[in-house]
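Read the structure below first, then the notes.
Computed from the coordinates by the stated procedures, all read-outs in this text should not be read as laboratory data. The model shown is predicted, which means the values in this text are computed figures rather than measured ones. A quick note on method: Cβ atoms are made from the backbone with ideal geometry, for glycine too, and the neighbour counts reach across all protein chains shown.
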Amino acid sequence: MKVRVDVMLKNGVLDPQGEAVRHALGSLGFDGVEGVRQGKVIELDVADGTDEATIKDMCEKLLANTVIESYAIHMD
Amino acid sequence: MKAAVIVFPGSNCDRDMAVAFERAGASVTMVWHKDTEFPNDVDIVGVPGGFSFGDYLRCGAIAAKSPISASLKAHAKRGGYVLGVCNGFQVLTETGLLPGALMRNANLKFICKPVDLKVETSRSDFTSGYNAGDVISVPVAHHDGNYSVDDETLATLRGEDRIAFTYTSNPNGSTADIAGVLSENRRVLGMMPHPERAVDVAHGGTDGVAMFRSLADGLVSA
C-alpha cells in the first residue's frame, strides 16, 4: 500500500529556497509569480491495512519537524 | 570533568571537540551513536559538528533518533550538561532539548568564516568565563544555521536570559541574530559557531578557550 506524505514549511515561516526559485522564474520571464513554497513529497510503501494514525505518528516523530513544518497524509 | 563526545556517521568535528575538552583538563570518551549509554559519571556530553547521516531528511533529524539519543535526553533530564555545536545544535533542536529549528541560510550559501559573537549572558557554566557584552571571534561553517523561533518562544528566551550568543553581523538570517541558546536549566547549550575551533593559536584565535575552561572549573566543583 502506497502512502504519500507532503511536508511543507508552515505558513509564516520564511522559505529562502522558495524565494530563490521565485526570483529565478522572474528572471526567465515568467511574470506574476507571487510566491513559491518548496516542500517534500515522501512516498511510503507500507503493509496493507496500516492505519492513518500510524502514519501520523511517523510524521510527528520523524518525517516532519512540527516546529517549522506541516504535513498532509494521502492514503490511496 | 568527565566528558563524552557522540560520534555519528558523518560527524567531522568530534575529535576537535574532544581535544578542546581534553585541553581544559577533561577525560574524554568517544561514544558511537549505536551505543545506548554513556560511561558512568559523565558530566557533559558533546554533540559535535558535521553532517550526521548526510543531512538526509533534515539536518540532525536522523541523529536525533539514534539509539544514543534516548540516553542523551535522559542525561539532560537528570541535569547533566550538554554542548551541541553546529550539527550538534541541529540535533539538539530535533530532539526537543532546545527550542526552535535551524533552517537553510537566508542567502542560501554555505558560510565558512570567523564571525564576531556578542556574549549575551555570563550566567551559565558555558559563558561564565566571559563578560556579558564581550565580543569574541569564533568560526562558523554551515549551510543551515538560520535559527527560527516563533515570537512567543523568543519572548521566553529573552525573558529567561537564555540567549547565550548573538551575531554582531547576522550571516544567516537567524531570528534576533541568535547564534546560541541555553536550556531552561542553563545546562544545555546549542550554538552554530565552533568554539572548539578557536582553542589554539594555530586555529587563528583562542576565544573559545574560556568556554571549555569555565566548564572545567564549574564541573569540578559540581
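Which net charge results when you count Lys and Arg as +1 and Asp and Glu as -1 among the other residues whose beta-carbon is under 10 Å from that of A:M75?
That works out to -1.
Please find the FRET efficiency linking A:K61 to B:N185, where r is the Cβ-Cβ separation and R0 is fixed at 35 Å, and quote it to the nearest 0.05. Write down the numbers at each step before the final one.
Numbers: r = 25 Å, r/R0 = 0.71.
In this case the efficiency is close to 0.90.
Mind checking the angle between helix A:16-27 and chain A's longest principal axis? C-alpha axes, 0 to 90 degrees, to the nearest 10.
The two axes meet at around 40 degrees.
In the neighborhood of A:C59, defined by Cβ-to-Cβ distances under 11 Å, what is the net charge if each Lys or Arg adds +1 and each Asp or Glu adds -1?
Working: positive: A:K56, A:K61; negative: A:D6, A:E52, A:D57, A:E60, A:E69.
Residues near A:C59 contribute -3 overall.
Kirkwood hydrodynamic radius, computed over distinct alpha-carbon pairs, for chain B: how many Å, to one decimal?
Working: mean 1/r = 0.0595 Å⁻¹.
Taking the inverse mean of 1/r over all distinct Cα pairs, chain B comes out at 16.8 Å.
What's the average, rounded to a whole number, of partner chain beta-carbon atoms within 10 Å of each residue's beta-carbon in B:89-98?
Numbers: counts 0, 0, 0, 0, 3, 3, 0, 2, 0, 0.
For this peptide, the per-residue mean of nearby foreign Cβ atoms is 1.
Going through the cross-link list B:K34/B:K77; A:K61/B:K34; B:K73/B:K113; A:K2/A:K61, which pairs have a Cα-Cα distance over 22 Å in this structure?
B:K73/B:K113
Put a dot 7 Å past each Cα toward the Cβ at A:M1 and B:E152; how far apart are the dots in nm?
For B:E152 paired with A:M1, the spin-label model returns 3.4 nm.
Given labels modelled 7 Å from the Cα in the Cβ direction, how far is it in nm from B:D134 to A:V41?
Going by the 7 Å Cα→Cβ label model, 5.2 nm.
Considering only the protein assembly as shown, what is the antiparallel percent among its DSSP beta bridges, to the nearest 5?
65
Classify the stretch A:2-75 from the C-alpha gyration tensor, please: rounded if a/c falls under 1.5, else prolate or oblate depending on whether a/b exceeds b/c.
prolate
Using amide H atoms built in the peptide plane, which far-off residues or other-chain residues are under 5 Å from B:S174 H to H?
B:Y147
What is the fewest-to-most order of B:F165, B:F21, B:F38 by other Cβ atoms lying within 10 Å of their Cβ?
Ordered by Cβ neighbours within 10 Å, fewest first: B:F38, B:F21, B:F165.
Could you grab the relative contact order for the stretch A:2-75? Cα pairs under 8 Å, six or more apart, rounded to a whole percent.
52
How much net charge surrounds B:A216 when only other residues with a Cβ under 12 Å from its Cβ are counted (Lys, Arg +1; Asp, Glu -1)?
Local charge sum for B:A216: -1.
Which FRET efficiency, nearest 0.05, do B:S169 and B:K73 yield, Cβ-Cβ r, R0 35 Å? Don't jump to the answer; show the numbers that get you there.
Working: r = 34 Å, r/R0 = 0.98.
It comes out at approximately 0.55.
How many nm is it between the label spots at A:T54 and B:I111, if each spot is 7 Å from the Cα in line with the beta carbon?
About 4.4 nm separates the two model spin labels.
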